[in-house]
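Heads up, the thing below is written out as structure tokens.
The values are calculated or read from the model by the stated rules, or taken from the named source; none is laboratory data. Since the model is a prediction, treat every value here as computed from it, not as a measurement. Quick reminder, even Gly has a Cβ in these numbers, built from the backbone with ideal geometry, and neighbours come from all protein chains shown. Ligands, DNA and RNA are excluded from the accessible area calculation, which covers all protein heavy atoms including side chains. Shrake-Rupley method; radii C 1.70, N 1.55, O 1.52, S 1.80 Å.
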Amino acid sequence: MSNSKWSGPKSSPSSPTSRGLSSCALVCLITLLAPTTPAQTPSDTYQSPDVFKTRQTPASASMPQTTSDAQIDKRVEELLREMTLEEKVGQLTQIFFLPMLNTAADERVRKGEIGSFLFVTDPAVINRLQRIAVQESRLKIPILFGFDVIHGFRTVFPVPLALASSFDPALIEKVQTIAAREAAAVGIKWTFAPMVDIARDARWGRVVEGAGEDPYLGSVIAAAQVRGFQGSNVADPDRLLACVKHLAGYGASEAGRDYDSANLSDSELHNVHLPPFKAAVDAGVGSVMSAYMNLNDVPATANSFLLQDTLRRDWGFRGFVVSDAFSVRDLVTHGFARDPADAAVRAFTAGLNMDMGSDTYTANLPQLVEQGRVAMSVVDNAVRAILAAKVRLGLFERPYVDEARAKQIQGTPEHRQAARVAAQRSAVLLRNEGDLLPLTKNDPAISSIAVIGPVANTGREMFGPWSLAGNPDEAITIVQGIRNKVGPKVKVEYARGGEVRRTYASIFEIFERGPKPAPLTPEQQDAELAAAVELARRSDIVVMALGEIQNMSGEVATRASINLPGRQQELLERVVATGKTTVLVLVNGRPLDISWAAEKVPAILEAWHPGIEGGNAIADLLFGDANPGGKLPVTFPRDVGQVPIYYALNRTQKPEDAPDFTSRYLDIPSSPLYPFGYGLSYTKFEIRNLRLEKPQIRLGETVEVQVEVENTGRRTGDEVVQLYIHQRAGSASRPVRELKGFERVTLAPSEKRTIRFRLGPGELRFWSTAERRWVQEDGDFDVWAGADSRASLHAVLKVTQ
């Protein structure tokens with residue numbers, strides 16, 4: 001794979017569901033109804049990242065020509081002139097499709113009352129509904145089928161937070177290209193991704209769905225995902241319409257509680273939370289999803305500042321906006337709207353095109369237009385954007401899918417191999433005392449390996465949340481991966497060591513496949529823990545697989561504590577006390593408090609939820625067939641009391657580097673356990689010779705920054721060279737450091753490479769509270785280069801008038 005270098009994005013009737021369920025709860029039930037196709041498992045042979053080479057569209061699916069804006073506008077206007085008000089409102093309506101409940105869905109499609117369905121994954125059902133729309137409805141307008149293709153479809157890739165750890169936008173783009181191909185093959189042409197919310201509170205469950213804490217990294221990854229889903233021509237049969245979400249500030253909810261209010265200063269909103277959305281818009285994203293929560297007391301679903309002033313006026317967005325599930329209706333719940341009709345008026349006039357799930361538009365918009373509370377011209381504008389998307393997708397010409405081909409494309413060996421490489425490149429080596437890792441496959445001292453932990457032998461935990469079309473039975477677990485790697489000569493035994501459960505059940509658990517086992521009694525828990533410790537004693541080496549079960553992260557998965565849940569900490573301490581060499585593999589969807597392990601366990605590998613080939617990828621990493629090169633996209637705290645914690649803080653009057661530092665905790669160091677951008681390798685790198693093309697530039701000019709990196713170790717490996725800046729003074733106090741460039745590079749032993757970044761107006765500007773606008777200011781800028789956010793290689797750039 002080519003090196004990945006970035007120095008900035010471009011500037012410039014009613015739903016059958018109950019009130020208590022969000023959209024993702026219903027997804028699980030739909031997933032149970034989808035047909036499954038067994039996928040082949042690739043061999044254990046490690047392959048280089050060139051498995052991500054671009055696929056060509058098969059000859060049988062000729063590439064459609066790009067439709068011009070003028071052609072799209074002409075077709076849309078022709079349709080609008082023919083549409084009744086009810087048909088227009090139908091295009092603004094999206095409903096869940098449950099075959100056993102939606103008995104009236106067919107008739108509503110015939111009448112043109114439904115523009116989009118969610119969560120249908122069976123291509124036969126999609127084709128049947130599409131035939132009704134294009135053959136039996138009056139205007140023959142096709143349906144847009146949407147689905148949460150978050151980190152894969154049938155082939156489940158590492159969760160988004162893990163992919164962000166790769167610091168490899170090219171890899172991420174190719175991952176989403178494969179996800180789009182599999183989903184589009186069954187007739188899904190719209191994904192509710194990427195999620196680009198900046199998250200700095202590890203208690204929030206949806207940290208797992210984004211790119212972490214940094215707006216620069218988040219912007220680069222947002223653009224890569226949009227390119228992966230949509231390609232250069234979204235009408236390509238292998239592409240999807242992307243939907244960037246959740247606009248905006250959702251990741252800043254109070255105390256990390258899902259759906260709770262976010263209260264953000266203008267500076268934080270513009271400088272931290274909005275940039276990834278702007279990057280997605282600049283990359284051409286076709287749709288946007290509004291957020292659930294109140295932003296500064298105005299629900300995002302009806303927030304005209306977000307949906308009109310920022311998105312459309314300032315950014316020039318021409319696509320359409322969809323609500324999150326039921327959030328139009330829930331404007332009443334917020335205490336913002338008086339009743340559903342008022343909710344429809346407020347959301348619609350604020351700029352929200354499509355109502356997801358609640359049918360609030362269907363029930364109210366026709367009467368509101370007749371009453372003069374909503375102008376027909378506003379309805380037409382909203383419908384235009386949705387019709388334009390359908391035309392641009394080519395749905396009028398190609399509404400159906402080849403059901404036989406759809407089965408052939410799902411979970412192919414090539415796709416699974418790509419998932420394996422993605423998991424390898426997403427893992428982060430946090431600790432490796434005495435170079436314990438990598439292990440040796442043929443080490444005569446290792447005849448038995450104990451694999452211990454509640455996430456060690458279950459495919460569901462490899463998948464993580466939002467893996468809705470995947471089959472957990474097809475996932476390679478850590479136990480399987482290690483057995484595949486070492487072969488029959490090494491005895492690999494497994495012990496769960498006790499179970500992990502949520503204190504409060506997830507609303508999604510009722511939709512999981514298979515019977516739900518009864519909770520262990522305290523006595524059974526004790527017995528499992530004791531059996532695991534005994535297994536450790538009689539084994540040569542122990543691999544502990546600890547972390548979170550699947551439903552502990554994602555939507556409605558806030559945790560007050562970020563420690564190892566259940567009795568895993570006790571299990572870890574008792575195993576370490578046996579004196580056996582122990583490696584800790586973390587499987588999780590958020591930063592965890594692993595302070596004890598960081599002192600007592602010699603080797604720690606952060607694998608996140610690594611996807612369908614996770615077990616094989618972890619074994620590749622543990623035994624040296626792959627070299628860890630990932631970096632943390634989030635700061636790991638020492639204790640939950642430090643949360644929210646992130647590297648890009650502003651200086652205080654008593655900063656940490658001051659001799660009389662007093663702005664600190666009294667009981668623990670103020671520094672993080674592991675900083676943003678941190679990650680080790682099985683080899684060593686030296687970063688040196690930071691040079692500015694010139695030490696001084698004028699406002700508006702750009703300067704090249706060069707830095708040299710060398711592999712000084714004995715293995716080929718990857719380093720992520722990172723560039724940070726700090727504006728020393730200006731109209732506002734700026735963060736102590738801000739990421740403004742990075743490049744992941746692969747180097748052989750003794751190989752050197754000169755890395756080049758560019759700093760210009762896009763990197764040096766910021767939104768100033770004092771000026772109430774984006775500004776670039778003169779003055780001195782610190783420039784650092786290094787391997788994480790503590791980089792010490794330093795230079796000074798002077799910017800003059």
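Odds and ends about this structure:
- Euclidean distance of C-alpha centroids, the stretch 724-801 and the stretch 293-330, integer Å: 32 Å
- HN-Hα J in Hz across the stretch 401-410 - Karplus 6.51, -1.76, 1.60, θ = phi - 60°, x for Gly and Pro: 10, 7, 5, 5, 5, 4, 5, 5, 7, 6
- ³J(HN,Hα), Karplus 6.51/-1.76/1.60, whole Hz, each residue of the stretch 129-142, x for Gly, Pro: 5, 5, 5, 4, 5, 8, 10, 10, 7, 5, 9, 6, 7, x
- Surface analysis of the stretch 709-761 yields an accessible area of 37 Å² per residue, using protein heavy atoms and a 1.4 Å probe.
- Rg of the Cα atoms in the stretch 238-383, relative to 2.2 N^0.38 Å, amounts to 1.01.
- Across Lys245/Lys407; Lys111/Lys245; Lys407/Lys485; Lys740/Lys798, pairs whose alpha-carbon gap is larger than 22 Å: Lys245/Lys407; Lys111/Lys245; Lys407/Lys485
- Links that overshoot a 28 Å alpha carbon limit, given the list Lys140/Lys189; Lys189/Lys631; Lys441/Lys684; Lys441/Lys600: Lys189/Lys631
- Restricting the stretch 748-795 to GluC sites (Glu not before Pro) in coil, as DSSP defines it, with at most 15 other Cβ within 10 Å: Glu751, Glu771
- 3J(HN,Hα) along the stretch 214-221: 9, x, 5, 4, x, 5, 4, 6 Hz, from the Karplus curve 6.51 cos²θ - 1.76 cosθ + 1.60 with θ = phi - 60°, whole Hz, x for Gly and Pro.
- Between amide H atoms placed 1.01 Å from N, distances below 5 Å from Gly741 occur with Leu723, all of them 5 or more places distant or on a separate chain.
- Global geometry of the stretch 591-722, whether rounded, prolate or oblate, following the gyration tensor of its Cα atoms and the 1.5 cut on a/c: oblate
- Descending by average beta-carbon neighbour count within 10 Å, the peptides 298-309, 523-534 line up as 298-309, 523-534, the highest first.
- Cross-link partners for Lys580 among the aspartates and glutamates, with Cα-Cα distance under 17 Å and sequence neighbours closer than 8 places in the same chain left out: Glu433, Asp435, Asp443, Glu493, Glu534, Asp540, Glu570, Glu599.
- The alpha-carbon atoms of the chain, seen along their principal axes, cover 77, 68, 53 angstrom, with the largest extent given first.
- In terms of accessible area, using a 1.4 Å probe and ignoring ligands and nucleic acids, Glu414, Glu499, Glu656, Glu370 rank largest first as Glu370, Glu656, Glu414, Glu499.
- Accessible surface for Phe336 stands near 50 Å², nearest 10, in the context of the full protein assembly shown (1.4 Å probe).
- Each peptide in 535-542, 342-349 receives the mean, over its residues, of other Cβ atoms within 10 Å, and ordering these scores from highest gives 342-349, 535-542.
- Binning all Cα-Cα separations of the stretch 455-503 at 5 Å, short to long from zero, yields these whole-percent fractions: 4, 19, 23, 21, 18, 10, 4, 2, 0.
- With only the Cα atoms considered, the stretch 98-226 has a convex hull volume of 124 Å³ per residue.
- The stretch 187-215 versus the stretch 117-173: alpha-carbon centroid distance in Å: 17 Å
- Other residues with beta-carbon under 10 Å from the beta-carbon of Leu571 carry, at +1 per Lys or Arg and -1 per Asp or Glu, a net charge of 0.
- Under 5 Å, built H, 5+ apart or other chain: amide partners of Leu247: Met289, Ser290, Ala291
- For the stretch 709-801: rounded, prolate or oblate by the Cα gyration tensor [a/c cutoff 1.5]: prolate
- By the compact-protein rule of thumb, 2.2 N^0.38 Å, the alpha-carbon radius of gyration of the stretch 509-575 corresponds to a ratio of 1.34.
- Bridge type composition, the chain - antiparallel percent by DSSP, nearest 5: 55 percent
- Volume in Å³ per residue [convex hull over Cα atoms, computed for the stretch 160-294]: 93 Å³
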